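The values are calculated or read from the model by the stated rules, or taken from the named source; none is laboratory data. From a predicted model like this one, the values you see are computed outputs, not experimental measurements. Neighbour counts run over all protein chains shown; Cβ positions are idealised from the backbone, glycine included.
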Amino acid sequence: MSTTNLDAALIPALIGAVGSEHVITSRADMEGYTTDWSRRFSGPAIAVVRPANTAEVASLVRICAESGVPMLAQGGNTGLVGGSVPAATGTPPVIISMLRLNSLAPVDELSGQVTAGAGALLGEVQRHARAAGWEYGVDLAARDSATIGGTVATNAGGIHVISQGMTRAQVTGIEAVLADGSVISHLAGLDKDNTGYDLTGLLCGSEGTLGVITAVRVRLHRPVGRTTVALIGVDSYESAVALIHSGATPGYRLRAAEVIDACGMRLVQQVTDLPWPLAARWPLVVLLEVIDGGTGDGLAISLDADAVVGLEPGEQERLWKYRERQSEAFSSLGVIHKLDVSVPLESLAECCRELQKVVAGFPDVQEFGVFGHLGDGNIHVEIFGPKADDVAVDIAVLECVSAFAGSISAEHGIGRAKAELLNLSRSPAEIAAMRAIKKALDPQGLFNPGVILD
Ligand SMILES: Cc1cc2nc3c(=O)[nH]c(=O)nc-3n(C[C@H](O)[C@H](O)[C@H](O)COP(=O)(O)OP(=O)(O)OC[C@H]3O[C@@H](n4cnc5c(N)ncnc54)[C@H](O)[C@@H]3O)c2cc1C
């Protein structure tokens, strides 16, 4: 069937499923859904549909499956690996925007869990939990745009992994629509439940390639209480890594350990009114947050360290801004090659030195900076200069990381950006197993084709 004939049959069916006001077909109105946050990735879609509930999602999946049309589940479109928008070439998909599935059930006080619609924003889930005296363990700078479903679909990391773990560690249940339109709903949130394959764990991090997640149940934590935040200037990655173990006084726990290099510090000052925060200029600035009741007692840094300490929430928020606004600061330059990688901590310093040399070999690179989640060995390598579709420097960086036994994707996922390079982090046997799972759950290959597996 030609695209036009296909659309002629498909669009009325989509309208029948969700109502005409929730089917968008004009290219201009679809723009915000077809171009990603970084503006590096974009591609055409047949339509954007905005279902209100799981039954509507199931109808949409059935309609697309019967027509053999690809589908792309989209949350807040803050993903950074091109998986949240259509490919530039190939058959355009129907984008299923999940933002209307934003219900929040009351917090279950007995289990300390909450069930949320996939389209609820991460920030809304956090505030909902806080209002009930709990805390959700995942936090990241895109909290007020990213959806809880998107963070589950990408197994998002963020700033509290060192203390709370990745998203998968929080998820106790999932509801999802599979490729034939059937619904799996496993939301009882049992902590102990060894009944066969862990479909919840499998869908977590599947980046929309195995099903559409419609609701999630997540565990909450009691608030950690007040903390102390510090920015500390250091001369090397060795010194930065050492702070992960020595930065907290025995008996106290780190909540976050982040790093920003001199390039990131310069750029963040350009997009904000933040001054240089320390007495001297340093190649690296480490941000530590320690759980100590906000007394400063938990922070173990030498008296002659060049540091600024925040005990009060307002001051802490100001110190966090240097780190939280890094993505925005780099993106203010234009289209950035963003490479989210992780390296064993013992190799991080050497790998970062090697990366300097690797990137220096590309004369079109105008800016090269690093920031990220130091405590997890997770750095974001940001490169400005090469054209958006020139991936030579990306490949060189990922090969370098792989040589240090690192992961080519620490927390953002594989998306389209790294699908061809999955072999740098996964063996042929692992990739074959992934392909078998994909084939079994999505035999027509209609869920987000080209993402994770090229
Ligand atoms: C400023 C900024 C800071 C960030 N910081 C971090 C960070 O610290 N840690 C981190 O891990 N990430 C970070 N990210 C990346 C991004 O926020 C996460 O990947 C987030 O989890 C994406 O959520 P989303 O709702 O925007 O999903 P989208 O971008 O819409 O989608 C991402 C992927 O998930 C799939 N998907 C989305 N919803 C569903 C669903 N309901 N069912 C099935 N598949 C679905 C999509 O198909 C796509 O493949 C950051 C991004 C920005 C812009």
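Before moving on, here are some points about what is shown:
- Residue 188 aliphatic (A, V, I, L, M) and touching a Ser or Thr at 6+ places or on another chain (Cβ under 8 Å): no
- Test: residue in region 216-234 that is of a type in the set (S, T, N, Q), within 14 Å of the ligand (Cβ to nearest atom) and crowded, with 19+ Cβ neighbours inside 10 Å: no
- Just so you know, in region 192-208 the residues that are without any contact (Cβ under 8 Å) to a residue 60 or more places away in the chain and under 26 Å from the mean Cα position of the chain (by Cα) include one that is nearest to the ligand (Cβ to nearest atom), and it is 203.
- Verdict on residue 27 being basic (Lys, Arg), surrounded by fewer than 22 Cβ atoms within 10 Å (Cβ to Cβ) and either under 25 Å from residue 441 (Cα atoms) or within 13 Å of the ligand (Cβ to nearest atom) (or both): no
- Among the residues making up region 390-435, those that are within 20 Å of residue 368 (Cβ to Cβ) and of a type in the set (D, E, K, R) are 390, 394, 399, 418.
- Of note, residue 65 does not satisfy the criterion of being surrounded by fewer than 20 Cβ atoms within 10 Å (Cβ to Cβ), modelled with pLDDT of 95 or more and part of a loop (DSSP other than H, G, I, E, B).
- Among (1) surrounded by fewer than 16 Cβ atoms within 10 Å (Cβ to Cβ); (2) outside the structural domain of residue 247 (by TED's automatic domain parsing); (3) within 15 Å of residue 233 (Cα to Cα) - the single one residue 353 does not satisfy: (3)
- Contact annotation: residue pairs with Cβ atoms under 6 Å, 6 or more positions apart or on different chains, pairing a residue in region 363-391 that is without any contact (Cβ under 8 Å) to a residue 60 or more places away in the chain with a partner that is assigned to a strand (DSSP E or B) and of a type in the set (D, E, K, R), are 380/340; 384/367.
- Among (1) surrounded by fewer than 21 Cβ atoms within 10 Å (Cβ to Cβ); (2) closer than 15 Å to residue 79 by Cβ - the single one residue 443 does not satisfy: (2)
One line per residue, one yes/no per condition, for (1) surrounded by fewer than 20 Cβ atoms within 10 Å (Cβ to Cβ); (2) within 14 Å of the ligand (Cβ to nearest atom); (3) charged (D, E, K, R):
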position	(1), (2), (3)
311	yes, no, no
329	no, yes, no
364	yes, no, yes
370	no, no, no
388	yes, no, no
404	yes, no, no
410	no, yes, no
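- Screening 224, 218 for residues that are of a type in the set (Val, Ile, Thr) and part of a loop (DSSP other than H, G, I, E, B) leaves exactly one candidate, 224.
- Condition check for residue 42 on (1) modelled with pLDDT of 95 or more; (2) surrounded by 19 or more Cβ atoms within 10 Å (Cβ to Cβ): one failure, at (2).
- Index of the failed condition, residue 144 passing every other in (1) without any contact (Cβ under 8 Å) to a residue 24 or more places away in the chain; (2) away from the ligand (no atom under 13 Å from the Cβ): (2)
- Figure legend. Inter-residue proximity from region 426-439: first residues in contact (Cβ under 8 Å) with a residue 40 or more places away in the chain and surrounded by 10 or more Cβ atoms within 10 Å (Cβ to Cβ), second residues aliphatic (A, V, I, L, M) and in a helix (DSSP H, G or I), beta-carbon distance below 9 Å, spacing 6+ or different chains. Indicated pairs: 437/202.
- Some residue of region 50-60 being over 19 Å from the mean Cα position of the chain (by Cα), over 30 Å from residue 334 (Cβ atoms) and assigned to a strand (DSSP E or B): no
- Residues considered: 75, 83, 79. Of these, the only one that is under 27 Å from residue 410 (Cβ atoms), buried (at least 24 other Cβ atoms within 10 Å of the Cβ) and in contact with a Phe, Trp or Tyr (Cβ under 8 Å, 6 or more places away or on another chain) is 79.
- Selection within region 82-101 - within 14 Å of the ligand (Cβ to nearest atom) and over 19 Å from residue 140 (Cα atoms): 85, 86, 87, 93, 94, 95, 96, 97, 98, 100, 101
- Taking region 440-454 as the range and being in contact (Cβ under 8 Å) with a residue 60 or more places away in the chain and farther than 19 Å from residue 62 by Cβ as the test, the residues that pass are 450, 451, 452, 453.
- The strands (runs of 3 or more DSSP E) found wholly in region 96-215 and carrying at least 1 residues that are over 30 Å from residue 66 (Cα atoms) and of a type outside the set (A, V, I, L, M, F, W, C) occupy 113-117, 171-177.
Residues checked against (1) under 20 Å from residue 222 (Cβ atoms); (2) among the basic types (Lys, Arg); (3) not assigned by TED's automatic domain parsing to the domain that holds residue 185:
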residue: 106; (1), (2), (3): yes, no, yes
residue: 121; (1), (2), (3): no, no, no
residue: 129; (1), (2), (3): yes, no, no
residue: 144; (1), (2), (3): no, no, no
